[in-house]
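What follows is a single structure, written as structure tokens, with notes after it.
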Amino acid sequence: MDHCSSLGKTALLIAMAEENETEDYVSSAREKGFEVVTGKVGSMDVQKVIAAVETAAKRASLIDNNYRSQHALYHAILDALQGLGRGPLQLGNVLRTVGLRFAVVKGPRTLEDLSDLWIAVSMYGMIGAPIKGHEHEVCGLGINHL
């Protein structure tokens, strides 16, 4: 699979891959030098979505304890959530829930400049009323410079 040619595209493809294809996309991304972590989160609480992504990135050592990397990740998450919510994301307070797969990818923005590090957060899944069958697909992508 030679689909992983840029940071954002790589993050989106990994989050949107079918369950049985995810590891192929992750392996391809890692071969190109990207650092990757994936996960799932479902909640009516935006803070829980943010916490799940931050925790996964920290556990995988994609970010460290310095303020700059944490801040870059936080803003990439917020940008991805803006895409999901068509603006500022509101969930529980307007009776909405999400079930998402996410990918956090760290590396160069393009493979031509390996020294320029960025972080991308992509999310793909369902959003809707907390009633089975009352949801639809959404995706979001946020990219921030490290």
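Bear in mind that the values in this text are calculations on the coordinates, not laboratory data. Every value quoted in this text rests on a predicted model; they were computed, and no experiment measured them. Heads up, the Cβs are rebuilt from the backbone with ideal geometry, glycines too, and the neighbour counts pull from every protein chain shown.
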Between S5 and S27, what is the label-point separation in nm under the 7 Å Cα-to-beta-carbon projection? 2.2 nm
Footprinting proxy, E112, E54, E31: sorted fewest to most Cβ within 10 Å, the residues are E112, E31, E54
Once the Cβ-Cβ distance between Q70 and D113 is put in as r, and R0 is 25 Å, what FRET efficiency do you end up with, to the nearest 0.05? 0.60
Which of the aspartates and glutamates could be linked to K58 by a straight reach, that is with a Cα gap under 15 Å, when you skip same-chain ones fewer than 8 residues away? E35
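If r is the Cβ-Cβ distance from M126 to R59 and R0 is 22 Å, what FRET efficiency results, to the nearest 0.05? List each step's numbers first, then the result.
Working: r = 25 Å, r/R0 = 1.13.
Result of the calculation: an efficiency of 0.30.
Which loop trypsin sites (Lys or Arg not before Pro) in region 93-126, with loop taken from DSSP, have no more than 16 other Cβ atoms within 10 angstrom of their Cβ? Mind showing how you got there, number by number?
Numbers: sites: R96, R101, K106, R109; in loops: R96, R109.
Within region 93-126, the qualifying trypsin sites (Lys or Arg not before Pro) (loop, at most 16 other Cβ atoms within 10 Å) are R109.
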Determine the sum of side-chain charges near E23: Lys and Arg each +1, Asp and Glu each -1, restricted to other residues whose C-beta is under 14 angstrom from that of E23. -3
Sequence-separation-based contact order of region 7-145, relative, with Cα cut under 8 Å and 6+ spacing, percent: 31 percent
Could you work out which residue, out of L114, L12, L73, moves most in a Gaussian network model of the chain, that is, has the largest mean-square fluctuation with Cα springs under 10 Å? L114
Which lysines does K132 reach when only Cα atoms under 28 Å apart count, and residues fewer than 8 places away in its own chain are ignored? K40, K48
With only helices counted (DSSP H, runs n ≥ 4, each -39500 (n - 2.57)), the per-residue ellipticity at 222 nm for the chain, to the nearest 500, works out to -11500 deg cm²/dmol
